[in-house]
Amino acid sequence: MTGAPVCSLMDGDLVAVFRSDLQQHHGMRPRPRHPSSLAWSSSTPWPAHEQQGRAARARAGAGTQPGGGCGELHWVETAQEYCQSSSLHGLRYVGDTGISPVERCFWIVSFALAVIVAAYFITNIYQRWENSPVINSMSPVATPIFDIPFPAITICNMNRARRTIAEVIKSGPARSPYNALQRRLLSDICDDNDYSSTTNTSVDEVDRTSGNWSVVMGFMINVTQPCHEMLLTCKWRNQPVDCDNVFNAVLTDEGICCTFNRVRRDLTFRNPRELSDLNITFPYPSADWTPETGYPETDNKGSVLETPWRPVGIGTHLGLTVSLDSEMHDYYCSSTFSAGFKVLLHNPVETPKIAAFGFLVEPGTENRVAISPVISHTAPSLQTVSVDKRQCLFQHERNLHFYRTYTQRNCILECEANFTLSHCKCVAYYMPKDRLTRICGKKDEQCANIAREAMELRLANSAANLTQLNISDVPSCQCLPGCSELSYVSSYSSSHFAPTYTPENDDTKSPKNIEYLLKNSAVIHFYFTETLFASRFKGELFGFTEFLSNSGGILGLFLGFSFLSVVEVAYFISLRIYCSWSRAKHAVRSKITNRKKLKLEDDDKSVAVIDTLPYLQ
């Protein structure tokens, strides 16, 4: 080999040249050299150490080829690395390959138990959040007296018809159609059978005419004691006022009564012009007050011109004082077994049902009615909670057909009117209705009473058995309380007049009529006793914030879990895997590029030719 030019060759290239020269020396055709193989033929075995190196390089090459198991390798390596560096308690022992399998199994079981116990407690918290998200409590802030209206006060004389008018009707010509109609209506409101149908007008025609609202309204106005006769004197906020300016006639289940501080008609009903009700004008403007929104922000606080009026203080002298005349001599039929007045305190936007809920005031007495409001509010965040769970309705969640403002009592009265209309084809005169609806008369009394009783039983118990009433289908009104409600309760005390009683500011009665007043009149004082009131508040027991904090506390206690633990998991399953894959892909491309460069360099090399190989000979 002396004298032959020797080039700087790699081992594989030198072997290839050596093999080519050997083939030419023996007259053999040289084998083409594949760039990725060595010079020895497949029939010639490689040395052991070279075979091991080729196998290692082949495995390494396969591991870095795209689609050749790289994804699985990265997932396993990433999971192991996450366990070793995770902030969760116990995971670093699970991923530690330096400890024994028994120790790793112990930590795997411990970690799994911690996860199960934490999941159990979080499930309990979720069930409380889902099933009991609402808590009723007392509001920490007291409601001042000036933020609520003075209650609407409705007063009725229990005399349904004045004797002087009833005697005129009964003494009229028996065969007169008009008088027959008046006698039928008188029999209806007084619940008696003193009615003769011996007229030229048929019974059916009388019944049909008596169901017309305009006829019924005219009759009731004629026979009922008017407000200006029942109310003798009025004093509001320690100032004498004209009773006609602060009281208005209102239609109730007790007949036509007189009400104080009720919201104007067009702010109570949705379509007042289409509604059959008393057409009453209010001398004072009304604010658009509702229990949920309260007084408008533009309302001038302390104004005495807008109803519902606000209370200005406590005590009888800063409340309302009225003097009433029962006209005992003019009683024809009473709504109860006694004579006197029925009084009801109610929300200014509600229609009063005074027949069954009003308290009685005896003539010849002075009475004090101490007022206490019942205030309920609900957190606005509970709008996202289902109605079944919070058990109340916000104003926008239920639109009534007749009333503008939703309250539970307005809803019940409207639902009762709808059911009575569908069951009896008529409604009671005091129910909300349109002008074309027929008014229930004497012949419809039994049906109307059954419908009312069925509704009251169903409202009290949705599963009540109504078969004894021969009614099977009573609608479920779903009249839940409003989420913001205002009602009033009162404590009542009474005492008879002293013999020396003299009415205040009485210009209508002379001293000789003191005996009449002692027998027929009554004085009532309505007043507040406190300036601050506790209100009930319905709020969230478990909101999302509470659920998150409680769940985080349990996870932190059992697993050492925190918000950054979530970020850590997201990092390892996304960014870390992507970066590892990108680096591997870049390494594969670099190796391929280097091999191509190496091949080009191999092809350009000058190989020395060995002329004589005497040792092979």
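Would you mind getting me the FRET efficiency between Ser422 and Val215? Use the beta-carbon distance for r and R0 = 22 Å, nearest 0.05.
E(calc), rounded to 0.05, equals 0.40.
Are there trypsin sites (Lys or Arg not before Pro) in segment 428-461 that DSSP puts in a loop and that have at most 12 other Cβ atoms within 10 Å, and which ones?
Arg435
If I compute solvent accessible area with a 1.4 Å probe over the protein chains, what percent of it on segment 84-129 is carbon and sulfur?
Its accessible area is 68 percent carbon and sulfur atoms.
Within segment 83-110, what residues put their amide N at less than 14 Å from the label point 7 Å along the Cα-to-Cβ vector of Ser562?
Answer for this model: 86-89.
At Glu453 and Leu548, where each label point lies 7 Å from the Cα along Cα→Cβ, what is the point-to-point distance in nanometres?
With each label point 7 Å from Cα toward Cβ, the separation is 5.7 nm.
Starting from the Cα-Cα distance between Asn461 and Val102, subtract it from 0.36 nm times their residue separation and give me the gain in nm to one decimal.
Extra length available between Asn461 and Val102 comes to 122.8 nm.
If each residue of separation counts as 0.36 nm, what is the full-extension length gain between Arg589 and Arg175 once their alpha-carbon separation is subtracted?
Full extension of this stretch gives 137.3 nm more.
Note down the accessible area of Lys596, probe 1.4 Å, to the nearest 10 Å².
130 Å²
Using alpha carbons only, how many angstrom separate the centre of segment 123-152 from the centre of segment 160-176?
56 Å
For segment 521-535, take each phi angle, set θ = phi - 60°, evaluate the Karplus expression 6.51 cos²θ - 1.76 cosθ + 1.60, and give the result in whole Hz per residue in order, putting x for glycine and proline.
These are the phi-based 3J(HN,Hα) values: 9, 9, 10, 10, 10, 10, 7, 8, 10, 9, 9, 10, 10, 6, 10 Hz.
Whose amide H sits under 5 Å from the amide H of Phe269, counting only residues 5 or more places off or on another chain, with H placed in the peptide plane?
Long-range HN contacts for Phe269: Arg404.
Sequence-distant or interchain residues sharing an amide H contact under 5 Å with Arg438, placed H: which?
Amide H neighbours of Arg438, under 5 Å, 5+ apart: Val427.
How large is the accessible surface of Asp444 in square angstrom, using a 1.4 angstrom probe and rounding to the nearest 10?
Answer for Asp444: close to 20 Å² accessible.
Could you report segment 382-457's accessible area per residue, 1.4 Å probe, as an integer in Å²?
Per residue, segment 382-457 has 48 Å² of solvent-accessible surface.
Below 8 Å between Cα atoms, with a sequence gap of 6+, how large is the relative contact order for segment 102-197 in percent?
Relative contact order of segment 102-197: 16 percent.
Past 31 Å, Cα to Cα, is the threshold; run Lys342/Lys443; Lys235/Lys433; Lys170/Lys342; Lys353/Lys442 against it and keep the listed order.
Beyond 31 Å: Lys235/Lys433.
Which FRET efficiency, nearest 0.05, do Thr529 and His496 yield, Cβ-Cβ r, R0 35 Å?
0.90
What nm value, rounded to one decimal, do you get for the distance between Thr143 and Ser582 when each label is placed 7 Å out toward the C-beta?
Between Thr143 and Ser582, the simple spin-label model gives 6.2 nm.
Heads up, I need the accessible area for Leu360: 1.4 angstrom probe, whole protein in place, Å², nearest 10.
80 Å²
Given the C-alpha centroids of segment 326-361 and segment 535-553, what is the distance between them in whole angstrom?
Cα centres, segment 326-361 to segment 535-553: 47 Å.
Quick one: order His228, His346 from most to least accessible surface, probe 1.4 Å.
Result of the area sort, largest leading: His228, His346.
The values are calculated or read from the model by the stated rules, or taken from the named source; none is laboratory data. Keep in mind the model is a prediction, meaning the values are calculated, not measured. Glycine also receives a Cβ, built like all others from the backbone with ideal geometry; neighbour counts cover every protein chain displayed. We work out accessible area using only protein heavy atoms, side chains counted, and drop any ligands, DNA or RNA first. Shrake-Rupley method; radii C 1.70, N 1.55, O 1.52, S 1.80 Å.
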